[in-house]
Amino acid sequence: MRVLLLGASGVCGSVALRHLCLSKGVDEVVAADIRPLRAGMLVKKLGLDKARTLKLDISDRGSLAEAMKDADVVANATPYIYNLHVMEAALEARRSLTDLGGMFYTTREQMKRSRDFEEAGLTVLMGCGLAPGIADVLAKKGAEHVDAVESIHIYYGEVNFTPALYKWSFRALLDELTLRPVIYKDGKFVQCPPMSGKEYFDFPEPVGTRLCVYSVYSGVATLPLTVGKGVKLVEAKYGFSDTGRLEAVVEALGALGLLSEEPVRVGDVEVRPRDLLLSCAPPAEPEVEDAVSVVVIVRGRKDGDLVEARYSLVQGFHRVWRASALAYLTGLSLSLATQMLGSGEVEARGVLSLEGAVEPDRFLRLLKHEGLRIEEEIKVRREL
């Protein structure tokens, strides 16, 4: 299997690169990045014999499509704003691909292209990271325990042990904190104010209690379709290492006008403050010592009884790979999903979410083989 990995030098892409190169079913990984020197240093440092680097500006659709033609499958680890563009190139090159999710709004746009890919005999697997990704597979697994689903609650929590304001794309984090999150309620998508739905949630140690807020979450767009069973509520909340600090930073940026997308004149140049802010932001911290947890709670009814299926996953900093827990789980999941797609194990065609395309037990077995420990707790309450 020959894999084209876009964004190979990023914090999550570098983990996917390493895992792909260590996987028996992968023959070659083309580590594509606009910063080939950084990707090349990574390949050399880790001694990844299966990898070769390629300088690629993915905004150049023609070059992107041409690079895709030499691969069996494409893994997109670039920021979500490129998802639709990468999809168009994949359709032109006639190649299937995976990505890390597009938050709610971009995911909905991606889903509109499903028929085009289905007719071309191609597959796009969206949201193949941690959350979205592993978390949604767990939600699908939980739904297997009930006849009718009442609610799905997804919680992501983190704690940083070394200083870091953000561990992934600053653009994605800023959008997460400033766009209107969406929940699915009683058959409708409902927009909520940014950073609303505040709730203190107890994650397994060492993450502990975190202040969680609604997320602009891809799975809210897909789970009502993939789980079905009359689900009435789907919501996702993120608990950052310091949610209060992030909220204060966003409020300050807003008060200074730096989140505005209206152009302002600076001398002889017009610039959008938000674009300037994004251009000035440094890259994400690649080696943040942290711990993350995902907790998924599915509630419903089975033979008239109230059933709650609860799944908990905890991951610490990967000291051997020098990768944050978030980066490790995201990159690992992307690699596994890409291999399933490239090997033909995923037979469905069109634009699909990870949980809508893979059999939950199969994917969870792969995670267990990698050493991940996921706890399942089933509670049944019945009237006597």
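Computed about the Cα centre, the dipole magnitude for the chain is approximately 360 debye when only Lys and Arg (+1) and Asp and Glu (-1) carry charge, each at its Cβ.
In this Cβ point-charge picture (+1 for Lys and Arg, -1 for Asp and Glu), segment 7-145 has a dipole of about 460 debye about its Cα centre. Each of His85 and Glu118 was given a label point 7 Å from its Cα along the Cα-to-Cβ line. The distance between the two points is 2.9 nm. Using 24 Å as the Cα-Cα cut-off, could you pick out the over-long pairs in Lys141/Lys198; Lys50/Lys112; Lys141/Lys232; Lys24/Lys69; Lys237/Lys302; Lys167/Lys229? Checking Cα-Cα distances, Lys141/Lys198; Lys50/Lys112; Lys237/Lys302; Lys167/Lys229 exceed 24 Å. Under the combined filter of DSSP loop state and at most 14 neighbouring Cβ atoms within 10 Å, segment 82-163 retains these GluC sites (Glu not before Pro): Glu144. Scalar couplings 3J(HN,Hα) for segment 316-329, obtained by applying the Karplus form with A = 6.51, B = -1.76, C = 1.60 to θ = phi - 60°, are x, 4, 8, 6, 5, 8, 6, 10, 4, 4, 4, 5, 5, 5 Hz; x denotes Gly and Pro.
The modelled label-to-label distance between Lys44 and Cys192, using points 7 Å beyond Cα along the C-beta direction, is 4.8 nm.
Rounded to the nearest angstrom and listed largest first, the equivalent-ellipsoid semi-axes of segment 1-128 from its Cα gyration tensor are 24, 15, 13.
The residue list Gln339, Val11, Val380 was ranked by how far each Cα lies along the charge dipole of the chain toward its positive end, using unit charges on Cβ atoms, and Gln339 comes out on top. Scanning residues 5 or more positions from Cys212 or on other chains, those with amide H under 5 Å from its amide H are Glu199, Tyr200, Phe201, with H placed 1.01 Å from N in the peptide plane. Model label points for Leu22 and Arg245, set 7 angstrom from Cα along the Cα-to-Cβ axis, are 3.0 nm apart.
Extension gain for Arg382 to Phe161 (0.36 nm times residue separation, less C-alpha to C-alpha distance): 75.3 nm. The phi-based Karplus calculation (6.51 cos²θ - 1.76 cosθ + 1.60; θ = phi - 60°) puts the 3J(HN,Hα) values of segment 263-276 at x, 10, 8, 10, x, 9, 10, 9, 9, 8, x, 5, 5, 4 Hz, whole numbers, x for Gly and Pro. The residues packed around Leu174, meaning those with a beta-carbon under 15 Å from its beta-carbon, carry a net charge of 0 if Lys and Arg are +1 and Asp and Glu are -1.
Sequence-ordered 3J(HN,Hα) estimates for segment 190-207 from the Karplus curve with 6.51, -1.76 and 1.60 and θ = phi - 60° stand at 10, 7, 10, x, x, 6, 9, x, 4, 7, 7, 10, 8, 8, x, 5, x, 5 Hz, glycine and proline given as x. Ordering Gly316, Leu258, Leu366 by the projection of their Cα atoms onto the charge dipole of segment 236-384, which places +1 on the Cβ of Lys and Arg and -1 on the Cβ of Asp and Glu, puts Leu366 at the extreme positive end.
Placing unit charges on the Cβ atoms only, positive for Lys and Arg and negative for Asp and Glu, gives segment 235-384 a dipole magnitude near 460 debye about its Cα centre. Loop only per DSSP, at most 11 neighbouring Cβ atoms within 10 Å: give me the trypsin sites (Lys or Arg not before Pro) in segment 273-326, ordered by residue number. Passing both the DSSP loop test and the Cβ count: Arg319.
Each reported figure results from applying straightforward, stated rules to the coordinates on display, with no laboratory input. Note that this is a predicted model, so its numbers are computed, not measured. Note that we place each Cβ from the backbone using ideal geometry, even for glycine, and neighbour counts take in every protein chain shown.
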